[in-house]
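Heads up: the structure comes next, in structure tokens.
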Amino acid sequence: MNQTIAISAQNVIKAFGQGDHAVRALDDVSLDIRKGEFFTLLGPSGCGKTTLLRLIAGFEMPSGGTILLDGADITTLPPNKRPVNTVFQSYALFPHLTVAQNVAFGLEMLGKSKSEVTARVAEMLALVKLEPLAHRKTSQLSGGQQQRVALARALAPQPKVLLLDEPLSALDLKLRKEMQIELKRLQTETGITFVFVTHDQEEALTMSDRIGVMSAGHLQQVGSPKEIYTRPKNRFVASFIGETNFLGATRDPMGYRLDCGIVVQAPAAQADRVTLTIRPEQLRLVPEAEGDIPAKITNLVYFGTDTHCHMSLPDGTEVTARLQSPSDGESGLQIGQGIGLRFVPGALQVLEE
Amino acid sequence: MSGPASGKTASSKPASGNQTSTGASAAEQALVKASVRSGWLLSTPALVLLALAAVGPLLIMLVYSFLTPGEYGNVEWGFSTDAWTGILFTRDVFDDTLRLEDAHLSILWRSVKLSLMTTAFTFAVGFPTAWFIATRPQRQRGLWLFLITIPFWTNLLIRTLAINEILRTEGLLNNILIGLGLITEPIQIIYTDTAVFIGMTYVYLPLMVLPLFAAIDRFDMRLLEAGYDLYATRLQVLRRIILPVVKPGIIAGSILVFVPALGAYVTPRILGGGKQMMIGNFIELQFGQGRNWPLGASLSVTLLVIVTAALLVYVRFANREVTRG
Ligand SMILES: Nc1ncnc2c1ncn2[C@@H]1O[C@H](COP(=O)(O)OP(=O)(O)OP(=O)(O)O)[C@@H](O)[C@H]1O
Ligand SMILES: [Mg+2]
């Protein structure tokens, strides 16, 4: 077995319910999560992220497939036998225990000696900067503090993998940003493999080493944030991560012929009929005569640092370009104006259908 | 009860506001005083009622316990501590010495023992029951709770007589056991401590289940997963998470069962016959055939003291358990 793989899910299927009412929350998911990486499962609500996490934690048994931890089959192991800990979305802190007792819980269950527990709890509380609150009841903590307790509690037994199910979704924006940095720091400092679930694409892009994009029980694409953003495999990934433009095209001896009749260059693909995609920031606006494609401005939306310019192509396709707003805020563009479009070389991507 | 409570909140708000403002004017202080006064005023009816209904009878009992018994019941106005020594001792007719009265001791002991057993057993049965109900889908819970509370709809006397009908020598239970060939002779259950225990368990079970249900219903089931995730076994999850978290429900249920069980009258009367008396029956005896009202009074006060002491010890103990974790 490859020693660099922490978690390996192989053809995992999870069905809920029976017969006609059966829902396949996970449909043949295969995935390798490397040791020590910050791996994010990203996808819209109901796509099966929590289900996959619960299978790894052992709260659910898969209907099919295998789950390996460090090469050993843990598919049917109960959760209290897996060296894997979870940070729950609701935190699920023990209300009858203090902060320190919460953090100590896992260590005590593992039968660690009293001195070892005390030392480790102190270390964990220092790590999440909660020493002053050690003897508080958890009900007397703010959301951000509870979050830290949950983290410390899950990290204390030094799990091989830490699972985090949308741990930041209950926090307000400012705290969320702080905790994103905090989480990343914890992951780097502890070197523990993090499997992080979110449906916030920005969160995924900024924090992860690698991202697995899910939709409807399927794993759509796995890759680094850059790969996922710049080379999305299919239409779902392209549209879920950031904003993008879709252009229908057919294969042509010279490259691809867009529906508006213009021939462009893009990486070769199998299919004759394809969808090309290009990010709004990779469209350049030039005077009408100098552009590759003529377009007409249909709307301008000012966002402060940048301005979104909505345009329609001759065949009616809608595209959006993101332009940096000039310092005086006047772009010199007008709705209804004709303009030329240019693609940044190499930016056009071909999507699998 | 709500009178004093609401009066208190009404008065405490302006008072705390006053503390924060540095230069409170005389007018403001007068206002605070007025609202404190109106708080007391509002709770007066409740306080009067409390005094009349709780403290009054208690005082009468206390006074009666130091008087001498009248020949045909009631009391005569002469000071005596006989009623108090009479709880545990009898005075020898010949040499006037005090002897421990075994019969009284056994009644006291039986009362405490049966009440504790009832409390423990209703908990043992009530906890899984309450857990079961609390984990049913919302729609089914109403039905289960309704079933649990059905006995409340019938008079206690009738329910106890029904148990009597089941347990008596030619009763349902014995007939079934004989019919099945498990026994040949009827077993004597009725008029034993066992019968009283069975009856009290039946009668007080809902009082244990309901507060337990309320506590378990509020229990966040996600804590179970958190426990398993942190390497706890099922037993550890029960002992370290479930029981401490639902502890308020356990305390409430135990008090609700133990207190009335200790003073039970109807159940031991019917199922224990005349012999297996508990304090309640013994007290009644003093006010009836015994014609010793002072002894009845001193026994009543003793019962109250036992209950209060038991509660104090229990709550203190339970709280220490909670903080210890
Ligand atoms: N216990 C269950 N019983 C039946 N269906 C379930 C159960 N758990 C999940 N599902 C279904 O499985 C699918 C995936 O659910 P899951 O909770 O994994 O989604 P998710 O990606 O975590 O969504 P969210 O972002 O909203 O948390 C959903 O369609 C859900 O309804
Ligand atoms: Mg989820």
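The values are calculated or read from the model by the stated rules, or taken from the named source; none is laboratory data. Everything numeric here is computed off the predicted structure, so don't read it as measured data. Every residue, glycine as well, gets a Cβ built from its backbone with ideal geometry; the counts of neighbours run over all protein chains shown. Surface accessibility is based on the protein's heavy atoms, side chains included, excluding ligands, DNA and RNA. Shrake-Rupley method; radii C 1.70, N 1.55, O 1.52, S 1.80 Å.
Tell me the mean residue ellipticity at 222 nm calculated for chain A from its helices only (DSSP H runs of n ≥ 4, each -39500 (n - 2.57), averaged over every residue, nearest 500). Walk me through the intermediate numbers first.
Details: 8 runs with 84 residues, N = 353.
Calculated mean residue ellipticity at 222 nm is -7000 deg cm²/dmol.
Quick one: ranking A:Glu182, A:Glu116 by accessible area, 1.4 Å probe, largest first, what do you get?
Working: A:Glu182 20, A:Glu116 90 Å².
Of A:Glu182, A:Glu116, the descending order of accessible area is A:Glu116, A:Glu182.
Please report how far the C-alpha centroid of the range A:54-121 lies from that of the range B:262-280, rounded to the nearest whole angstrom.
That distance is 52 Å.
Report the residue, chosen from B:Trp293, B:Trp109, B:Trp40, that carries the largest GNM mean-square fluctuation when chain B is represented by alpha-carbon nodes joined by springs under 10 Å.
Largest GNM mean-square fluctuation: B:Trp40.
Mind grabbing the interface size between B and A? I mean buried accessible area, both sides, 1.4 Å probe, in Å² to the nearest hundred.
Values: alone 19800 and 16940 Å², together 34690 Å².
The buried area between B and A, both sides summed, comes to about 2100 Å².
If you place +1 on the Cβ of every Lys and Arg and -1 on the Cβ of every Asp and Glu, how big does the dipole about the Cα centre of chain A come out, in debye to the nearest 20? Each step should come with its number before you reach the end.
Numbers: 35 positive and 38 negative charges, 258 e Å.
Taking the Cα centre of chain A as origin, the dipole is about 1240 debye.
Run the reach check for A:Lys296 against aspartates and glutamates, Cα to Cα strictly under 14 Å, same-chain hits fewer than 8 apart removed. What comes back?
The qualifying aspartates and glutamates are A:Glu288, A:Asp315, A:Glu318.
Put +1 on the Cβ of each Lys and Arg and -1 on the Cβ of each Asp and Glu in the range A:2-235; which of A:Ile13, A:Asn85, A:Leu97 then has its Cα farthest toward the positive end of the dipole?
Ranked along the dipole, the leading option is A:Leu97.
Which whole number gives the average, over all residues in A:88-98, of C-beta atoms from other chains lying within 10 Å of the residue C-beta?
5
Using only atoms on other chains, find how many Cβ atoms lie within 10 Å of each Cβ of peptide A:259-272 and report the average.
On the way: counts 0, 0, 0, 0, 0, 0, 0, 0, 0, 0, 0, 0, 0, 0.
The per-residue average across the peptide is 0.
Give me the dipole magnitude in Debye, nearest 20, for the range A:8-145 about the Cα centre, with unit charges on the beta carbon: positive for Lys and Arg, negative for Asp and Glu. Present the calculation step by step, with values, prior to reporting the outcome.
Details: 14 positive and 12 negative charges, 91 e Å.
It works out to roughly 440 debye.
Place a +1 charge on the Cβ of each Lys and Arg in the protein assembly as shown and a -1 charge on the Cβ of each Asp and Glu, then give the dipole magnitude about the Cα centre in debye, rounded to the nearest 20. Could you put the intermediate results ahead of the total?
Details: 60 positive and 57 negative charges, 212 e Å.
That gives the protein assembly as shown a dipole magnitude of about 1020 debye.
Per residue of the range B:79-87, what does 6.51 cos²θ - 1.76 cosθ + 1.60 with θ = phi - 60° give for ³J(HN,Hα)? Whole Hz please, x for Gly and Pro, Karplus curve as stated.
Values, residue by residue: 5, 7, 9, 4, 4, 7, 5, x, 4 Hz.
Could you give P(r) for the protein assembly as shown, binned at 20 Å from zero, as whole percent values over all Cα-Cα pairs?
The percentages, shortest bin first, are 13, 29, 28, 18, 8, 3, 0.
Quick query: amide H of A:Lys35 versus all other amide H atoms, modeled in the peptide plane; which residues come in under 5 Å with a sequence gap of 5 or more or a different chain?
Counting only residues 5 or more places away or on other chains, the set is A:Ile5, A:Ala6.
Going highest first, how would you order A:229-238, A:63-72 by mean Cβ packing within 10 Å? Please report the intermediate quantities before stating the final value.
Values: A:229-238: 19.5, A:63-72: 15.9.
So the peptides A:229-238, A:63-72, ranked by packing, come out A:229-238, A:63-72.
Hey, how much of the P(r) for the range B:82-125 falls beyond 18 Å, as a percent of Cα pairs? Please report the intermediate quantities before stating the final value.
On the way: 430 of 946 pairs.
Summing the P(r) tail past 18 Å for the range B:82-125 gives 45 percent.
Do the sum for chain B: with -39,500 (n - 2.57) for every DSSP H run of n ≥ 4, divided by all residues, what is the mean residue ellipticity at 222 nm, to the nearest 500 deg cm²/dmol?
Details: 15 runs with 223 residues, N = 325.
Computed mean residue ellipticity for chain B: -22500 deg cm²/dmol.
Measuring with a 1.4 Å probe in the full set of protein chains, what accessible area per residue, in whole Å², belongs to the protein assembly as shown?
Details: 34690 Å² over 678 residues.
Value returned for the protein assembly as shown: 51 Å² of accessible area per residue.
Ranked highest first by average number of other Cβ atoms within 10 Å, how do B:192-205, B:135-148, A:303-316, A:160-173 line up? Show your work: numbers first, answer last.
Details: B:192-205: 22.3, B:135-148: 11.8, A:303-316: 14.9, A:160-173: 18.9.
Top to bottom by mean Cβ count within 10 Å: B:192-205, A:160-173, A:303-316, B:135-148.
How shielded is B:218-228 by partner chains, expressed as the average number of their Cβ atoms within 10 Å of its Cβ atoms? Present the calculation step by step, with values, prior to reporting the outcome.
Numbers: counts 0, 1, 5, 1, 5, 7, 2, 8, 16, 7, 10.
Across the residues of B:218-228, the mean count of other-chain Cβ atoms within 10 Å is 6.
Place the peptides A:32-38, B:98-104 in order of packing, highest mean first, counting for every residue the other Cβ atoms within 10 Å and averaging per peptide. Each step should come with its number before you reach the end.
Working: A:32-38: 18.0, B:98-104: 12.3.
Per-residue mean Cβ counts within 10 Å order the peptides as A:32-38, B:98-104.
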